[in-house]
Amino acid sequence: MDIRNRHGEKIDHAFHEADRDDVLVVLAHGVTGDKDREMLMTLANGLAAKGWPAMRMSFSGNGHSEGDFRDSTVSKEVDDLHAVLDQVKGSKKIAYIGHSMGGAVGALAAAKDDRINVLVSLAGMVRTKDFCDTEFGEETPDSGYMWEDDTKPLSQAYVDDMHAIGDTFAAARDVRTPWLLIHGTEDDVVLPKDSDDLYLKLKGKKKLVRVEGADHMFANDYDLLIEEIDDWLGEHLG
């Protein structure tokens with residue numbers, strides 16, 4: 001399947017087949033990530049083994065997707081997700097799982113796109129401005145790098161977008177999709193307080209899972225994530 005965003009850039013993706021054909025679980029990464037991160041691969045395989053067809057995607061400018069990383073912003077990634085849904089939705093029920101900045105993408109997308117039937121945020125970013133200032137505030141946009149990785153330049157477009165969004169609280173209030181929040185208690189990249197505060201503002205069906213001792217990547221807790229997500233999908237997708 002050829003998936004392109006509105007800029008004509010090809011979105012790299014991979015499918016994990018399973019028994020059901022009426023559902024698709026879309027998994028997306030965070031900032032500087034891609035579809036081939038261990039977490040996404042493990043979750044997709046685990047969910048497919050439980051019967052949930054899955055698709056991992058790399059946002060434009062990341063991994064093997066087309067586009068320039070310097071153009072990668074939350075807002076552009078929301079557009080990428082809409083483009084993916086345009087291609088895969090059909091009569092399928094869609095669950096979206098986003099890690100870190102991918103969680104912010106999910107919140108903003110689900111607030112305006114009712115094709116997302118279930119939402120899962122893994123260490124989901126809420127306070128985009130605060131995150132940007134904390135992690136990259138000492139770097140000069142368009143000349144500095146993200147976490148000193150010279151393959152990941154910090155662009156002014158990224159900083160401006162993170163500041164313009166500010167946070168996802170307002171968008172989240174418009175989300176009526178059943179929403180599962182999972183956050184590690186030892187996450188020092190996106191603080192657990194983001195999920196704690198977001199949970200209190202949600203008006204639809206919701207659940208917050210705090211994973212004791214887990215960091216931002218949940219490296220030792222993939223099985224727990226799979227079980228929690230499987231239960232949530234089963235409850236809300238049938």
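A single member of 47, 24 is touching a Pro at 6+ places or on another chain (Cβ under 9 Å), touching a residue at least 60 places away in the same chain (Cβ under 8 Å) and more than 21 Å from residue 223 (Cβ to Cβ), and it is 24. The single condition among (1) of a type in the set (Val, Ile, Thr); (2) closer than 17 Å to residue 189 by Cα; (3) more than 17 Å from the chain's Cα centre (by Cα) that residue 140 does not satisfy is (2). For residue 18, the conditions (1) exposed (fewer than 15 other Cβ atoms within 10 Å of the Cβ); (2) of a type in the set (A, V, I, L, M); (3) touching a Phe, Trp or Tyr at 6+ places or on another chain (Cβ under 6 Å) are fulfilled apart from (1).
Of the strands (runs of 3 or more DSSP E) contained entirely in the stretch 7-100, those carrying at least 2 residues that are within 30 Å of residue 131 (Cα to Cα), touching a helix residue (DSSP H, G or I) at 6+ places or on another chain (Cβ under 7 Å) and modelled with pLDDT of 95 or more fall at 23-28, 54-57, 93-99. Of the residues making up the stretch 155-165, those that are closer than 10 Å to residue 71 by Cα and either of a type in the set (A, V, I, L, M) or touching a residue at least 40 places away in the same chain (Cβ under 8 Å) (or both) are 155, 157, 158.
Restricting to the stretch 1-15, give me the number of residues that are within 18 Å of residue 99 (Cβ to Cβ) and surrounded by fewer than 18 Cβ atoms within 10 Å (Cβ to Cβ).
So the count comes out to 1.
Could you say which residue among 212, 235, 228, 135 is of a type in the set (Asp, Glu), out of contact with any Lys or Arg (no Cβ under 9 Å at 6 or more places or on another chain), in contact (Cβ under 8 Å) with a residue 24 or more places away in the chain and more than 23 Å from residue 62 (Cβ to Cβ)? Within the list 212, 235, 228, 135, the selection yields 212.
Would you call residue 59 among the aromatic types (Phe, Trp, Tyr), surrounded by fewer than 19 Cβ atoms within 10 Å (Cβ to Cβ) and touching a residue at least 40 places away in the same chain (Cβ under 8 Å)?
no
Residues that are outside any helix (DSSP H, G or I), out of contact with any Ser or Thr (no Cβ under 8 Å at 6 or more places or on another chain) and surrounded by fewer than 18 Cβ atoms within 10 Å (Cβ to Cβ): does the stretch 222-234 have at least one? Talk me through it step by step, then tell me what you get.
Step one: filter the stretch 222-234 for residues outside any helix (DSSP H, G or I), giving none.
The answer is no; no qualifying residue exists.
This table checks each residue for (1) in contact with a Cys (Cβ under 9 Å, 6 or more places away or on another chain); (2) under 18 Å from residue 30 (Cα atoms); (3) basic (Lys, Arg); (4) outside any helix (DSSP H, G or I).
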position: 195; (1), (2), (3), (4): no, yes, no, no
position: 203; (1), (2), (3), (4): no, no, yes, yes
position: 209; (1), (2), (3), (4): no, no, no, yes
position: 213; (1), (2), (3), (4): no, no, no, yes
position: 218; (1), (2), (3), (4): no, yes, no, yes
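Within the stretch 62-109, being among the β-branched types (Val, Ile, Thr) and either buried (at least 20 other Cβ atoms within 10 Å of the Cβ) or within 14 Å of residue 168 (Cα to Cα) (or both) holds for 73, 74, 78, 84, 94, 97, 105.
Can you list the helices (runs of 4 or more DSSP H) lying wholly within the stretch 127-181 that have 2 or more residues being among the small types (Gly, Ala, Ser) and surrounded by 16 or more Cβ atoms within 10 Å (Cβ to Cβ)? First the steps, then the outcome.
Values: elements: 128-136, 156-165, 169-172.
So the answer is 169-172.
The values are calculated or read from the model by the stated rules, or taken from the named source; none is laboratory data. As the structure is a prediction and not an experimental result, all values here were calculated from the model. Ideal geometry is used to build each Cβ from the backbone, glycine not excepted, and the neighbour counts take in all protein chains shown.
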